[in-house]
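Q: Got a structure for you, written out below as structure tokens; questions coming shortly.
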Amino acid sequence: MAAQNLDLQRLSLFGGSFDPVHNGHLMFARYALKQVGLDRIVFVPAAQSPLKEHRCFASDDARVEMLEIATHGERRFKVDTYEIEEGGVSYTIDTVAHFVGRYPQAELFFMIGADQFEQLDQWHRIDELVGMVTFLVFGRPGVALQPCEIEGMTYLEVDAPLMETSSSEIRSRCLGEQSLYDLVPESVEAFISDRGLYTDLD
């Protein structure tokens, strides 16, 4: 489902595998929304991340549906399937260029974890990307913020509790038939259970 083409002034993209989306993702998005004064956050599930060797465990449709369920009722959260529709490896520069064309008047931000922030110098066409967005950075447990020295890069730290939840932890708990209480929205946990997701990770 594509995000609606509204007159937005401050728009942030939130990319990732979302395999599955969890409460940590939603918490950071809510903190960023308030602290940066964003009009909209667009969750963009990746087809295939360039820096991850494995493909997603859940299907594209399942990941999108979990995002739709998790963001239901939050009017400033939208889900956009641009990267999935494009297919192949999802390069952020291409996604950002797409949204620049779609919302030419908007100020664009891109949400990222501290661990990924340290790897920005490995990103495809990063010298171009830093001129197109302001990065919104949130911490991860045990990862001190160490920005790469990339000319022209701008970023803001979002003051939010450390996100201790991870999608890999959730998949492991599903494999061990453990509760996901307080890790994902109840509606997402029900969806995972009903579909039998992450019970076989081979």
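The values are calculated or read from the model by the stated rules, or taken from the named source; none is laboratory data. Every value quoted in this text rests on a predicted model; they were computed, and no experiment measured them. When we count neighbours, we look across all protein chains shown, and the Cβ atoms used for this are built from the backbone with ideal geometry, even at glycine.
Q: Can you name the number of the only condition in (1) under 30 Å from residue 193 (Cβ atoms); (2) exposed (fewer than 13 other Cβ atoms within 10 Å of the Cβ) that residue 131 fails?
A: So the condition that residue 131 fails would be (1).
Q: Taking the residues in segment 146-165 that are outside any strand (DSSP E or B) and either β-branched (Val, Ile, Thr) or at pLDDT 90 or above (or both) as candidates, determine which candidate is surrounded by the fewest Cβ atoms within 10 Å (Cβ to Cβ).
A: Top of the filtered list is 151.
Q: If we scan segment 40-61, do we find a residue that is touching a residue at least 40 places away in the same chain (Cβ under 8 Å), part of a helix (DSSP H, G or I), crowded, with 21+ Cβ neighbours inside 10 Å and in contact with a strand residue (DSSP E or B) (Cβ under 9 Å, 6 or more places away or on another chain)?
A: no
Q: Looking at segment 88-112 only, could you name the residues that are in contact (Cβ under 8 Å) with a residue 12 or more places away in the chain, surrounded by fewer than 17 Cβ atoms within 10 Å (Cβ to Cβ), of a type outside the set (Gly, Ala, Ser) and part of a loop (DSSP other than H, G, I, E, B)?
A: 89, 105
Q: Just one of 115, 121 is in contact with a Cys (Cβ under 7 Å, 6 or more places away or on another chain) and either free of Cβ contacts under 8 Å to residues at least 40 places away in the same chain or over 21 Å from residue 37 (Cα atoms) (or both); which is it?
A: 121
Q: Still on this structure: Please state which one of 92, 81 is touching a Pro at 6+ places or on another chain (Cβ under 8 Å) and on the phi < 0 side of the Ramachandran plot.
A: Checking each option against the conditions leaves just 81.
Q: Here are 180, 108: which of them is touching a helix residue (DSSP H, G or I) at 6+ places or on another chain (Cβ under 6 Å) and within 24 Å of residue 31 (Cα to Cα)?
A: Of 180, 108, the one residue that is touching a helix residue (DSSP H, G or I) at 6+ places or on another chain (Cβ under 6 Å) and within 24 Å of residue 31 (Cα to Cα) is 180.
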